[in-house]
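The values are calculated or read from the model by the stated rules, or taken from the named source; none is laboratory data. Predicted model, so just to flag it, every value in this text is computed and none were measured. For neighbour counting, all protein chains shown are included, and Cβ atoms are generated from backbone atoms with ideal geometry for every residue, glycine included.
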Amino acid sequence: MNTVEYSGLADRTAVEWNSLKNYEMFSLSADGSFPMMKVSRSKAVRLADREVMMVGSGRCFRVSLSNHPNQKPKQAPVSA
């Protein structure tokens, strides 16, 4: 696998779990570490290991990624 780094922004204000839309990224920490994605009304996925977690309610911080990676993976030379 190639190593890719993305820039992102984490909200400074926590929001209620119910206010997140499905497939919206969030973190339980204000610094945006350990990002997760809401996948249904009661489930989230940890992006690091794709582990599904049950969620009842709570507060979290929205995370937004930039559209382009900081370092694009190097392509192998194409041979003819």
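Just one of the numbered conditions (1) modelled with pLDDT under 95; (2) exposed (fewer than 14 other Cβ atoms within 10 Å of the Cβ) is not true of GLY32: (2). Beta carbons closer than 9 Å, at least 6 apart along the sequence or on distinct chains, pair a first residue in region 30-52 that is among the β-branched types (Val, Ile, Thr) with a second that is part of a loop (DSSP other than H, G, I, E, B) for VAL39/ASN22; VAL39/TYR23; VAL45/GLU51.
For region 1-14, the set of residues classified as in a strand (DSSP E or B) and surrounded by 15 or more Cβ atoms within 10 Å (Cβ to Cβ) consists of ALA10 only.
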